[in-house]
């Protein structure tokens with residue numbers, strides 16, 4: 001089957017519109033941080049968390065209704081209406097003067113997150129099955145809109161506020177975003193043609209039938225990891241860098257953008273790869289890699305002093321000499337290691353692996369009488385792990401890119417198993433993924449509070465990737481056993 005005429009044009013406009021929506025969806029991550037840091041508003045940490053999370057939650061919840069509407073009406077009217085609808089609360093945000101006004105507007109423009117379900121369903125109907133992985137991957141590259149906001153947002157705010165001398169200038173930013181959404185709506189209306197899937201004639205109950213399949217919820221769990229956690233870390237990495245590595249907000253924002261941008265761009269490659277080798281093989285690689293890299297990043301930056309190898313007397317006697325290098329007891333010399341300044345400059349050096357220094361602290365003096373097996377020199381060990389900034393940043397970028405490939409692989413599954421219900425199923429999977437973006441920062445906060453370690457967020461990644469990998473492998477095993485039961489029994493007998 002060949003690509004439908006005009007499909008590539010639809011894909012381009014779809015992706016562009018999604019990029020605009022994604023940039024708007026995550027606006028609060030930058031804007032709220034700026035307003036609080038510059039004391040424009042005196043909001044607590046809890047209020048900040050809610051303002052950042054409300055748009056993510058709204059976008060997640062409305063992905064299912066948006067997907068259903070797209071399957072029913074087609075993508076053109078739904079996408080145009082969504083863009084215009086989001087522009088209104090985005091514009092009104094510029095007049096917000098307190099927490100509740102900000103929250104209400106955020107609730108409204110958070111609908112921009114539902115654009116993903118609309119675009120996935122609208123893109124899918126224009127491409128044949130064998131090309132949908134690449135097409136959906138290219139569309140998903142609109143995730144790069146997150147990087148646009150995190151990278152450009154701080155600089156734009158500095159410009160609008162005359163380098164923070166006129167802080168009320170921040171109000172022009174929501175107006176500019178609203179104007180962008182309206183312009184995109186006009187472009188979408190003038191340049192696209194509507195198209196509906198065959199399932200558009202079904203009633204609502206029939207359209208919702210696929211949601212009874214456990215497969216939908218399994219795909220949703222995968223997407224909770226590769227998309228929800230991606231969204232969560234796009235915001236969480238900024239305070240991570242500032243707290244763990246003492247970076248300024250601009251530098252932290254740039255490094256967070258380095259995490260977000262490749263993940264969006266590489267999604268197209270993930271779609272192509274899923275078409276070529278199969279989405280399941282790609283997911284094995286994605287989940288396995290996430291498991292390994294998360295385990296690496298769990299180890300925190302640390303500076304630990306602990307008891308080390310001491311020196312015990314091999315026989316009873318009197319200490320006859322004590323120096324910096326040995327203790328002499330009845331003619332027997334016990335060598336000791338003196339403390340050095342080996343780790344004094346360790347933080348300013350480059351270290352990939354943990355480094356240590358061990359030494360003994362003398363507990364006796366000349367003339368003391370000691371007993372056999374008495375500790376005459378206490379052992380000390382100093383372990384230092386730099387958790388080097390650049391190594392961490394590179395691994396974080398790799399994980400973000402892996403998740404970008406995974407996002408495309410998850411959505412490649414959907415038209416394969418549910419070709420006529422991409423909007424509904426894709427919407428539900430998107431809901432679960434979006435909820436990950438809302439829930440994960442909250443869980444990160446509890447883990448940080450409970451352990452006192454910023455690296456504890458990677459414990460959740462390790463746990464989630466292990467569950468996804470085990471569940472997927474069990475399903476694949478059951479499918480293989482069902483398909484070739486006789487062959488399995490032969491292996492068992494041999």
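Please go through the range 14-40 and pick out each residue that is free of Cβ contacts under 8 Å to residues at least 60 places away in the same chain and either part of a loop (DSSP other than H, G, I, E, B) or not assigned by TED's automatic domain parsing to the domain that holds residue 121 (or both).
39
Out of everything in the range 248-285 that is without any contact (Cβ under 8 Å) to a residue 24 or more places away in the chain and closer than 24 Å to residue 33 by Cα, what residue ends up being surrounded by the most Cβ atoms within 10 Å (Cβ to Cβ)?
Per the criteria, the residue is 252.
Run residue 410 past the list (1) out of contact with any strand residue (DSSP E or B) (no Cβ under 6 Å at 6 or more places or on another chain); (2) more than 13 Å from residue 219 (Cα to Cα) and report the number of the one that doesn't hold.
Failing condition for residue 410: (2).
Please indicate, with yes or no, whether at least one residue in the range 157-167 is within 29 Å of the chain's Cα centre (by Cα) and within 30 Å of residue 67 (Cα to Cα).
no
Looking at residue 396, is it in contact with a helix residue (DSSP H, G or I) (Cβ under 7 Å, 6 or more places away or on another chain) and at pLDDT 90 or above?
It is true that residue 396 is in contact with a helix residue (DSSP H, G or I) (Cβ under 7 Å, 6 or more places away or on another chain) and at pLDDT 90 or above.
Does residue 158 fit the bill of being assigned by TED's automatic domain parsing to the domain that holds residue 29, under 16 Å from residue 34 (Cβ atoms) and not in a helix (DSSP H, G or I)?
no
So, in the range 41-62, of the ones that are touching a residue at least 24 places away in the same chain (Cβ under 8 Å), surrounded by fewer than 21 Cβ atoms within 10 Å (Cβ to Cβ) and closer than 25 Å to residue 162 by Cβ, which residue ends up farthest from the chain's Cα centre (by Cα)?
41
Using the structure shown, decide if residue 224 is under 19 Å from residue 441 (Cβ atoms) and in contact with a helix residue (DSSP H, G or I) (Cβ under 9 Å, 6 or more places away or on another chain).
For residue 224, the condition - under 19 Å from residue 441 (Cβ atoms) and in contact with a helix residue (DSSP H, G or I) (Cβ under 9 Å, 6 or more places away or on another chain) - is met.
Does residue 124 count as over 25 Å from the mean Cα position of the chain (by Cα) and either on the phi > 0 side of the Ramachandran plot or surrounded by 17 or more Cβ atoms within 10 Å (Cβ to Cβ) (or both)?
yes
Here is a list: 335, 354. Which entry is modelled with pLDDT under 85, surrounded by fewer than 17 Cβ atoms within 10 Å (Cβ to Cβ) and either in contact with a strand residue (DSSP E or B) (Cβ under 7 Å, 6 or more places away or on another chain) or outside the structural domain of residue 404 (by TED's automatic domain parsing) (or both)?
Within the list 335, 354, the selection yields 354.
Residue under question is residue 78, and the condition is that it be crowded, with 17+ Cβ neighbours inside 10 Å and within 22 Å of residue 188 (Cβ to Cβ); does it hold?
Yes; evaluated as a whole, the condition is true for this residue.
State whether one or more residues within the range 137-144 are farther than 20 Å from residue 24 by Cβ, assigned by TED's automatic domain parsing to the domain that holds residue 72 and buried (at least 17 other Cβ atoms within 10 Å of the Cβ).
Yes, the range 137-144 has at least one match.
Here is a check on your reading of the model: is residue 428 over 28 Å from residue 63 (Cα atoms) and in the same structural domain as residue 59 (by TED's automatic domain parsing)?
When the stated conditions are applied, residue 428 does not pass them.
Among the numbered criteria (1) under 14 Å from residue 414 (Cα atoms); (2) free of Cβ contacts under 8 Å to residues at least 40 places away in the same chain, which one does residue 156 miss?
(1)
The values are calculated or read from the model by the stated rules, or taken from the named source; none is laboratory data. Values in this document were obtained by computation on a predicted structure and should not be read as measured data. Glycine gets a Cβ as well: all are built from the backbone with ideal geometry, and neighbour counts include every protein chain shown.
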